[in-house]
1. If I filter region 598-611 down to residues being open to solvent by 20 Å² or more (accessible area, probe 1.4 Å) and not charged (D, E, K, R), which single residue comes out as farthest from Thr628 (Cα to Cα)?
2. I'm told Arg619 meets every condition in (1) outside any loop (DSSP other than H, G, I, E, B); (2) in contact with a Phe, Trp or Tyr (Cβ under 7 Å, 6 or more places away or on another chain); (3) open to solvent by 40 Å² or more (accessible area, probe 1.4 Å); (4) not hydroxyl-bearing (Ser, Thr, Tyr) except one. Can you identify the failing condition by its number?
3. Tally the residues that are over 15 Å from Arg352 (Cβ atoms) and hydrophobic (A, V, I, L, M, F, W, C), restricting the search to region 365-398.
4. Regarding Asp368, is this residue of a type outside the set (A, V, I, L, M) and either open to solvent by 70 Å² or more (accessible area, probe 1.4 Å) or modelled with pLDDT of 80 or more (or both)?
5. Residues being polar (S, T, N, Q), assigned to a helix (DSSP H, G or I) and closer than 17 Å to Val399 by Cβ: count how many of those fall in region 337-382.
6. How many residues does region 254-276 hold that are surrounded by 20 or more Cβ atoms within 10 Å (Cβ to Cβ) and of a type in the set (D, E, K, R)?
7. What is the one condition in (1) part of a helix (DSSP H, G or I); (2) more than 28 Å from the chain's Cα centre (by Cα); (3) without any contact (Cβ under 8 Å) to a residue 40 or more places away in the chain that Val26 does not satisfy?
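The values are calculated or read from the model by the stated rules, or taken from the named source; none is laboratory data. These numbers come from a predicted model, not from an experiment. Note that each Cβ is placed from the backbone with ideal geometry, even for glycine, and that neighbours are counted across all protein chains shown. To get the accessible areas, we keep the full protein, side chains included, count just its heavy atoms, and leave off ligands, DNA and RNA. Shrake-Rupley method; radii C 1.70, N 1.55, O 1.52, S 1.80 Å.
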Amino acid sequence: MKERSRRFLLLAALAAVLGLFALANVPFVTAFSRFVLAAAAVVCLIWGLWKAYRAFLWKVGRRLAFSYFLIGVLPIPLVLLLLTVTAYLLSGFFLGHLYRDAVQSVQIELDTRARSRADAFAASGTHRRTADSDIVYGYYRQGRRIAGDERTPAAWPAWTEARSVLAQGPRWQVVPRFVALPGIGPTLMGVASKEGSGVVALYVGGLDQEISRRAEVWVETYRSDDPDLELISLQIGNRRIPLQQLRKGQQTEAAKFFKELSAGERFWDDPLLGWGEITGPLVDLATGRRSAEYLASNLNGTPRTVLRHLFSSAAEIDALAWITLFVVAFLLFDVYAAAALMAVFMIVGLSRAVNRMSRATEAVRRGDFSVRIPVRRRDQVGDLQRSFNEMAGNLETLVATAAQKELLEKELALARKLQESLLPSNLPAGAGVEFATLFEPSAAIGGDYFDVLRLPEDELAVVIADVSGHGLSSGLRMAMLKAALLILVEETREPEEILRRLDSVVRSNRESRFFVTATLSMFNLRTGVLRLTNAGHPPTYRVRGDEVEEILLPSSPLGGLGRNYGVATLTVEPGDSVVWLSDGLIEATNAADEPFGYDSVVKALRGVAGESAADIRNRLLAAIERHTAGHPLGDDRTLMVMRYGGYPAGPKAP
């Protein structure tokens, strides 16, 4: 927290310094400071928006709702915008269609009148005077004008013969003849010839107004070389198309035009639609040469015009079309409403499920493993909730098991300490004798036992035993044997009698049968006499110089079949060592399941003359370790080494 405050203060100080430089009028420094501040502001804005976005979408319900908005709601205005643009484009195309139809209607009318007058002029040889104010005529014979309006060309326009009326299917497609007429501007002309005579019909009225009236679309026409096109126009290749009305003088006329067509409704009668059309080329009336590359027509119309010309004039057909449209729209709205309702239902359901899982997970994180989620869904979320409940149950069981295991380990630790307290901690030292021992249980509590008891008259009782089995039960039986042994040693000095009574103690346990192997040795420190009494235990080894004597006494274990005990008496001379061990050392196996064996014990003890009891113990253990190579223990391992140095001369040893 302090580090964050320091960073904030440092950034604030830096921003203040940059602000001072930005306000100062120092060349380059002020510009650089303003640039850095602007960049920092942009970065902070982006960072703030990102943080707000992350915070807003942290909950799954908001994320799902936002996803639905992006997929199900946002496309609606986009589609409406696309439909609006499409409708506008289609309306523009339709305005162009109305414009072209009006131009063709004017051109057809001019051609029709020219043809009619040409037929009459060829038949009678005289021309008819015209009362038309917007159309003038010129009469030609032998290629020269003999009568008519002075605005028509003096010579017959032979170039018009290349422009003819084209037939396409059942309809006539007329090619408009746009010509340049001095003082009038772009206009249309019609021609007809027959038997060496001909007539030219020329429209001299307001062509834009006439086309606007027929098309019900306001039209303004511009030559390609008109300077007004430079103001606001759309460049397409080498052509410019006007995008709005540019002639200020025509605004009043246009307003009057749209007012005449208006029905008084604001939207439908407003000139909202604009379009452009390219026609031409514009040619010279007399010579037929191009006067302008094209004519650009700016079109303005109202939605009512498009609807009036687009839809049928029959009310029954219009009603049927609108009813069909409304029915389809209603059905689509129903589909969307059902989809929206389903999406809301799914969003709420998923959000509630995720919130329940979030609360349950938080409870588990706090250590409450009893929390469960009510499962009602039959989908992947339901499977996830059931998996969570199973996981929470397993965690609860594991925690309970771990607690029980921890309690058991504490109890085993106390039992292990108790067992260690039963083993001798102060082995006899001095008086010409030295002991070295090993007690290594394969489990927390071992079934092996050894002890060295001090007896009167400079005598020691050395006992080593192995209770069948492993674990806590064997350890308790070992404690029972130690207690019984301490009592029996006080009552008698006869090893065989002690073993027989211990056998009775073992057999008295009716809950479960077990047996005990043991070797009880009585050693006189003064004379060096060692009396061995064996009850099914592995042999005892006497080491003298380089010789190792294996003292094997076949016998029955305590609690086993029979009560036959092996007895031997031998003399231990100064410098000799005696080794007692349990079968866990002899039967120690390697990775190939090969036991260490009796011969290996003899081999390891050979050549230990002059070494201390601890050295002998370590030598034997090192040999066993080399054999097992780290293979785990299969049984308890107990070892006792006694080295006799002779009874010291002088006062009686304690």
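1. Out of the qualifying residues, it is Gly610.
2. Of (1) outside any loop (DSSP other than H, G, I, E, B); (2) in contact with a Phe, Trp or Tyr (Cβ under 7 Å, 6 or more places away or on another chain); (3) open to solvent by 40 Å² or more (accessible area, probe 1.4 Å); (4) not hydroxyl-bearing (Ser, Thr, Tyr), only one is false for Arg619: (2).
3. Final tally of qualifying residues: 6.
4. yes
5. 1
6. 0
7. Here Val26 meets the rest and fails (1).
Per-residue answers, yes or no, for (1) open to solvent by 40 Å² or more (accessible area, probe 1.4 Å); (2) in a loop (DSSP other than H, G, I, E, B); (3) closer than 19 Å to Glu496 by Cβ; (4) modelled with pLDDT under 90:
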position: Asn426; (1), (2), (3), (4): yes, yes, no, yes
position: Glu434; (1), (2), (3), (4): yes, no, no, no
position: Phe439; (1), (2), (3), (4): yes, no, no, yes
position: Ala443; (1), (2), (3), (4): yes, yes, no, yes
position: Gly446; (1), (2), (3), (4): no, yes, no, yes
position: Leu453; (1), (2), (3), (4): no, no, yes, yes
position: Glu457; (1), (2), (3), (4): yes, yes, no, yes
position: Ala461; (1), (2), (3), (4): no, no, yes, no
position: Ser473; (1), (2), (3), (4): yes, no, no, yes
